[in-house]
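Bear in mind that the values in this text are calculations on the coordinates, not laboratory data. What you are looking at is a predicted structure, and each value in this text was computed from that prediction instead of being measured. Heads up, the Cβs are rebuilt from the backbone with ideal geometry, glycines too, and the neighbour counts pull from every protein chain shown.
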């Protein structure tokens with residue numbers, strides 16, 4: 001849609017591969033943020049019965065979303081190999097080495113350590129229940 005209708009250039013990169021890259025990153029961040037924003041409200045009964053560090057629940061969400069991210073990334077790599085065999089020029093550079101760092105930054109921002117959003121919104125959704133519906137937008 002973007003490459004045909006809006007005439008947005010992807011510069012030699014096949015359009016499905018270009019847009020899949022952004023979707024994978026956004027899906028991981030969005031899932032981390034949305035699921036960690038309601039974790040305290042959804043698991044209030046567990047927190048009242050057993051004492052354990054509260055931060056374990058949001059961290060488990062971020063780590064479990066890594067599995068989904070890995071599956072989507074494998075799909076991306078398969079598409080990259082496919083387009084490589086089709087003759088499209090695919091080049092990499094040293095910025096590929098920053099990939100784990102970028103994933104870590106998305107996880108931290110989604111989780112809400114420091115000034116991130118996930119833990120702040122999670123604390124607010126315990127008082128304002130309607131904020132969960134607003135988070136999806």
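Report yes if some residue within the range 25-40 is more than 25 Å from residue 134 (Cα to Cα) and surrounded by 12 or more Cβ atoms within 10 Å (Cβ to Cβ); otherwise report no. Scanning the range 25-40, I find no residue that is more than 25 Å from residue 134 (Cα to Cα) and surrounded by 12 or more Cβ atoms within 10 Å (Cβ to Cβ), so the answer is no. The test for being touching a residue at least 24 places away in the same chain (Cβ under 8 Å) and either touching a helix residue (DSSP H, G or I) at 6+ places or on another chain (Cβ under 7 Å) or in a helix (DSSP H, G or I) (or both) does not hold for residue 10.
Among the conditions (1) free of Cβ contacts under 8 Å to residues at least 60 places away in the same chain; (2) farther than 21 Å from residue 105 by Cα; (3) surrounded by 11 or more Cβ atoms within 10 Å (Cβ to Cβ), the only one that residue 51 does not satisfy is (3).
All of (1) surrounded by 11 or more Cβ atoms within 10 Å (Cβ to Cβ); (2) within 24 Å of the chain's Cα centre (by Cα) hold for residue 92 with one exception: (1). Of the residues that sit in the range 56-79 and are in contact (Cβ under 8 Å) with a residue 12 or more places away in the chain and more than 17 Å from residue 104 (Cα to Cα), which one is surrounded by the fewest Cβ atoms within 10 Å (Cβ to Cβ)? Going through the qualifying residues, I end up with 75.
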